[in-house]
Amino acid sequence: MTTIAFLGLGHMGLPMAKNLVDAGHDVFGFDVVPAAIQAGRAAGIAVAETPAEAVAEAEVVITMLPSGRHVLDAYRGSGDVAGLLSAARPDTLFVDCSTIAVDESRDAHALVEAAGHRGLDAPVSGGVVGAENATLAFMVGGTEGDFQTALPLLEKMGRRIVHCGGAGLGQAAKVCNNMILGISQIAVAEAFVLGERLGLSHEALFDVASNASGQCWALTTNCPVPGPVPTSPANRDYQPGFAGALMSKDLGLAEAAIGLTGVDAKMGLLAREIYREYADGPGASKDFSGIIQTIRADSASGGTAR
Ligand code: NAD
């Protein structure tokens, strides 16, 4: 069994760490927030007093933190808090599961290597339910050897695990996938509002599009109107699911990647603006499919010139 340090016991990290404990691994957790520490203890995780204590005996260090800044600061340390990289034993495998920018992820890989360790970026999709049920999808960047080392652990937390290539390419896959998702959720929502205005029932549009070329996850799983897909967030007043704030964050990472590469991604940048506004307003804690309410409201007032 592997000795693992798990940093970041939040919505995602706590159930992920618990799945590793349940699989028989020795897991030393750490979080900066007292409530998360208590929740970790209650879940049977051995919670360390400091980040250095958590990683001292670890063969693998997993981070599940809010942003790239948090990951880089935790790796380097700050003030009188020792960094994870200096506190870990030589040749430790660092697996960052946070969703962060591709260039930040490559910076993290460089820091890990410079400190004499090995690193993978391994962002996830599947949300809290996927974390709880160990059905996450992992998108992994790093060497084949490190991927194979981490695979048995990732399999305890997820179901579909794809090695996407070298350093940062797990994050690249995540950002590209979520850009498709953001754009397609807006497209489906606009189509339903247009259908409403034309007198088309939700069921009729769903029956046609879900069996035709408009078929996509945003329609058949995350349908933005109540009824056709009883499990979609629209049936529970858009409780997430995947919150608008998280979609806005991920499209911000897409925007950064578009800026880095110079790709002419008009739809991606427009989706980024639409979700930024949504997350700043009603969508911070609502599912991102609730964007349909904004589109409907803006249509009722004659539309907006975005
Ligand atoms: P969260 O805010 O619930 O958890 C993050 C945790 O990290 C918090 O408990 C925070 O206190 C802790 N933390 C911050 N700095 C720390 C440090 N230096 N050391 C230890 N702990 C520290 O966030 P979350 O929803 O669990 O998301 C985590 C990551 O997963 C994010 O990058 C997010 O974008 C990504 N993600 C989230 C979801 C989702 O549905 N929530 C889905 C896919 C990916």
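Of note:
- Label-to-label distance for Q239 and T135 is 1.8 nm, based on points extended 7 Å past Cα in the beta-carbon direction.
- Whole-Hz couplings from phi, Karplus 6.51/-1.76/1.60, listed for region 158-171; x for Gly and Pro: x, 10, 10, 10, 10, 7, 8, x, x, 3, x, 7, x, 5
- Region 73-182 - convex hull of alpha carbons, volume per residue in Å³: 112 Å³
- In order along region 143-154, the Karplus-derived 3J(HN,Hα) couplings, from 6.51 cos²θ - 1.76 cosθ + 1.60 at θ = phi - 60°, round to 6, 4, x, 5, 4, 5, 5, 7, 3, x, 6, 4 Hz, and Gly and Pro are given as x.
- Antiparallel %, DSSP beta bridges [both residues in the chain], to 5: 20 percent
- Excluding ligands, DNA and RNA, the accessible surface per residue across the chain is 45 Å² with a 1.4 Å probe.
- Pairs of Lys in the chain closer than 22 Å at Cα, counting only those 8 or more apart or on different chains: 7
- Evaluated over the chain, the Cα radius of gyration and Dmax, each in Å: 20.6, 66
- Less than 5 angstrom separates the built amide H of V95 from those of V61, I62, T63, L120, all sequence-distant by 5 or more or on a different chain.
- Over the residues of the chain, the helix contribution to mean residue ellipticity at 222 nm works out to -15000 deg cm²/dmol, using -39500 (n - 2.57) for each DSSP H run of at least 4.
- Close amide H pairs (under 5 Å, H built 1.01 Å from N) link L136 with G158, R159, residues at least 5 positions away or on another chain.
- Backbone phi angles across region 226-238, fed through the Karplus curve with coefficients 6.51, -1.76 and 1.60 (θ = phi - 60°), yield HN-Hα couplings of x, x, x, 10, x, 8, 6, x, 4, 7, 9, 6, 6 Hz in residue order; Gly and Pro are listed as x.
- Counted by Cβ distance under 15 Å from A279, the other residues give a net charge of -2, where Lys and Arg count +1 and Asp and Glu count -1.
- Annotation: peptides 96-102, 266-272, 287-293, 202-208, ranked by per-residue average of other Cβ atoms within 10 Å with the highest first, follow the order 96-102, 287-293, 266-272, 202-208.
- All other residues whose Cβ lies under 15 angstrom from that of K249 are scored, Lys and Arg at +1 and Asp and Glu at -1, for a net of -2.
- FRET efficiency estimate (nearest 0.05) - Cβ-Cβ, R159 to D22, R0 25 angstrom: 0.95
- Between T221 and D80, the FRET efficiency estimated from the beta carbon spacing at R0 = 45 angstrom works out to 0.45.
- Acute angle (nearest 10 degrees) that the helix 13-22 long axis makes with the longest principal axis of the chain, alpha-carbon atoms: 60 degrees
- Using a probe radius of 1.4 angstrom, the carbon and sulfur fraction of the accessible surface of the chain is 57%.
The values are calculated or read from the model by the stated rules, or taken from the named source; none is laboratory data. As the structure is a prediction and not an experimental result, all values here were calculated from the model. FYI the Cβ positions are ideal-geometry reconstructions off the backbone, even for glycines, and counts take in every protein chain you see. Keep in mind that these areas ignore ligands, DNA and RNA; they rest on the heavy atoms of the full protein, side chains included. Shrake-Rupley method; radii C 1.70, N 1.55, O 1.52, S 1.80 Å.
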